[in-house]
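A quick write-up on the structure given underneath.
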Amino acid sequence: MMNTVVMKFGGSSVADNIKLNVVAEKIISFKEKAKNILVVVSAQGKTTDGLIKDAEELSAIPTDRELDMLISTGEQVTASKLSILLNRMGHKAISLTGWQVGIRTNSIYGSAKIEEICTKRINSEFQNGNIVIVAGFQGINEKNDITTLGRGGSDTTAVALQAALNADRCYIFSDVDGIYSADPNMVTMAKKLNEISFDEMQEISDAGAKVLHNRCVKIADKFKCDIELASTFNNNNGTKVCKCIETAEVKSIIKNEKLVTFEVIKKHRMSENEVYDLYQKLLGNNVILENFKRCENQVSFRTEKINQNKVREMLEKDFLEYEINQKYLEKLTIVGYGIVQDNKIILDVIEILKNAGLEIFDVNVTQNRIEVILNNIDNVIIEELHQKLIK
Ligand code: ASP
Ligand code: MG
């Protein structure tokens with residue numbers, strides 16, 4: 001019997017009362033496997049999207065602090081409902097928000113980082129025989145204001161708690177039963193991976209696959225936490241993220257459509273100071289940048305689509321005399337240990353993209369991945385790449 005397990009349930013697993021019943025049954029079945037059970041929940045279904053939309057109807061760029069105050073409520077609703085249900089089913093449970101647990105973060109609203117977790121309250125609730133249900137995705141900063149950890153951040157809450165409690169395992173339950181070699185909705189022959197290394201998982205998350213929050217993989221790697229991604233709705237084995245032997249082969253293909261490229265153009269060459277100024281302003285506004293490039297009279301960079309209003313407003317306010325272009329691009333990422341040493345894989349990818357007549361904007365090969373920026377990648381091409389590259 002394990003001492004402590006963390007069970008995290010994603011938004012689609014807790015979307016309504018019927019699903020909450022399935023989740024409750026799953027938690028109860030784990031009582032035979034572990035002495036202490038800590039549950040972390042996401043907001044129900046598309047609640048967070050809905051709350052953001054509401055806020056944006058009131059203001060194109062809602063104040064960061066207030067937005068966190070609003071969107072953190074979704075998880076609290078799930079945690080309390082699940083606790084009500086478990087108690088009715090005869091199993092002692094208690095729900096706690098991020099601040100009740102003592103999840104301390106820095107002050108970056110919307111993408112706060114966890115700095116410290118106090119486990120006192122959780123441990124005393126375990127002592128009382130409670131299943132502890134924590135609202136994911138949230139913490140408090142030094143002012144005791146609520147912060148959120150970034151979209152998909154409940155995964156990070158779960159793994160951070162696993163590390164803090166020294167729990168035996170963290171299960172990330174969702175409506176998919178693990179990591180696939182490609183999105184099964186896109187590629188019919190996509191296959192489930194039994195295990196994957198932390199490095200490869202990190203690449204998959206960074207590539208924009210929504211399976212696991214990228215920051216949680218870093219925590220898991222650092223504290224050598226065992227994670228298993230599995231389905232809420234069946235008992236099949238999922239995918240283990242662990243310290244496994246890495247074999248040199250392509251593991252997964254990911255397409256990310258959520259990118260936007262900005263080009264900031266000036267009539268004459270930009271001075272060094274202007275370039276630095278632009279870079280610092282973007283970072284100062286908490287915009288996560290990819291590929292910031294300067295070329296004569298223009299600077300270009302990529303960011304996630306969710307940042308686009310913020311960036312545009314900042315540019316229009318502080319960089320008045322510049323022309324601003326915005327383009328939507330897609331990113332294709334091919335992940336596998338040691339890819340950089342295998343030109344055959346890179347050539348195969350280029351060949352398929354060339355035959356499809358696609359315009360390539362950027363190719364970037366690192367130790368464990370190939371990243372290609374294109375303006376539109378058809379799913380048929382992903383199928384073709386899958387067939388060629390995945391054994
Ligand atoms: N509810 C938040 C989101 O939708 C956090 C999460 O689900 O992990 O991004
Ligand atoms: Mg998620």
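The values are calculated or read from the model by the stated rules, or taken from the named source; none is laboratory data. Nothing here was measured: the structure is a model prediction, and the numbers come from that model. No Cβ is skipped: glycine too gets one built from the backbone with ideal geometry, and neighbour counts run over all protein chains shown.
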| task | Scan the stretch 141-153 and report the pairs whose first residue is near ligand 1 (Cβ under 8 Å from one of its atoms) and whose second residue is of a type in the set (Lys, Arg), with Cβ atoms within less than 8 Å and a gap of 6+ or a chain change. | result | 149/113; 149/215; 150/215; 152/210; 153/215
| field | Hits in the stretch 319-364 - residues which are of a type in the set (Gly, Ala, Ser) and touching a residue at least 12 places away in the same chain (Cβ under 8 Å) | value | 336, 338, 356
| note | Considering the stretch 117-147, residues that are more than 24 Å from residue 228 (Cα to Cα) and touching an Asp or Glu at 6+ places or on another chain (Cβ under 6 Å), and then whichever is farthest from ligand 2 (Cβ to nearest atom), we arrive at 146
| Which one of these does residue 121 not meet: (1) outside any helix (DSSP H, G or I); (2) surrounded by fewer than 19 Cβ atoms within 10 Å (Cβ to Cβ); (3) of a type in the set (D, E, K, R)? | (1)
| message | Quick check on the stretch 316-336: of everything there that is aromatic (Phe, Trp, Tyr) and at pLDDT 90 or above, which residue is nearest to the chain's Cα centre (by Cα)? | response | 328
| Filtered residues of the stretch 350-379 (kept if among the aliphatic types (A, V, I, L, M) and over 16 Å from residue 248 (Cα atoms)) | 350, 352, 353, 356, 358, 360, 363, 372, 373, 374, 377
| request: Within the stretch 9-50, count every residue that is over 21 Å from the mean Cα position of the chain (by Cα) and surrounded by fewer than 18 Cβ atoms within 10 Å (Cβ to Cβ). | output: 13
| query | Is the stretch 104-118 home to any residue that is at positive phi and assigned to a loop (DSSP other than H, G, I, E, B)? | reply | yes
| said: Suppose we filter the stretch 60-92 for residues that are outside any helix (DSSP H, G or I), in contact with a strand residue (DSSP E or B) (Cβ under 9 Å, 6 or more places away or on another chain) and in contact (Cβ under 8 Å) with a residue 60 or more places away in the chain; how many remain? | reply: 2
| field | Lone qualifier among 15, 34, 24 - being more than 19 Å from residue 111 (Cα to Cα) and within 15 Å of ligand 2 (Cβ to nearest atom) | value | 15
| Test: residue in the stretch 155-176 that is more than 25 Å from residue 98 (Cα to Cα) and either buried (at least 19 other Cβ atoms within 10 Å of the Cβ) or modelled with pLDDT of 95 or more (or both) | yes
| request: Please work out which one of (1) of a type outside the set (Asp, Glu); (2) out of contact with any Asp or Glu (no Cβ under 7 Å at 6 or more places or on another chain); (3) touching a residue at least 12 places away in the same chain (Cβ under 8 Å) is the condition residue 185 fails and give its number. | output: (3)
| field | Test for residue 138: is it within 13 Å of ligand 1 (Cβ to nearest atom) and surrounded by 22 or more Cβ atoms within 10 Å (Cβ to Cβ) | value | yes
| field | helices (runs of 4 or more DSSP H) contained entirely in the stretch 154-265, each with at least 1 residues that are of a type outside the set (Lys, Arg), within 16 Å of ligand 1 (Cβ to nearest atom) and more than 19 Å from residue 372 (Cα to Cα) | value | 154-165, 214-222
| request: Among what's in the stretch 51-103 and is within 15 Å of ligand 1 (Cβ to nearest atom), surrounded by 19 or more Cβ atoms within 10 Å (Cβ to Cβ) and among the β-branched types (Val, Ile, Thr), pick the residue that is nearest to residue 309 (Cα to Cα). | output: 71
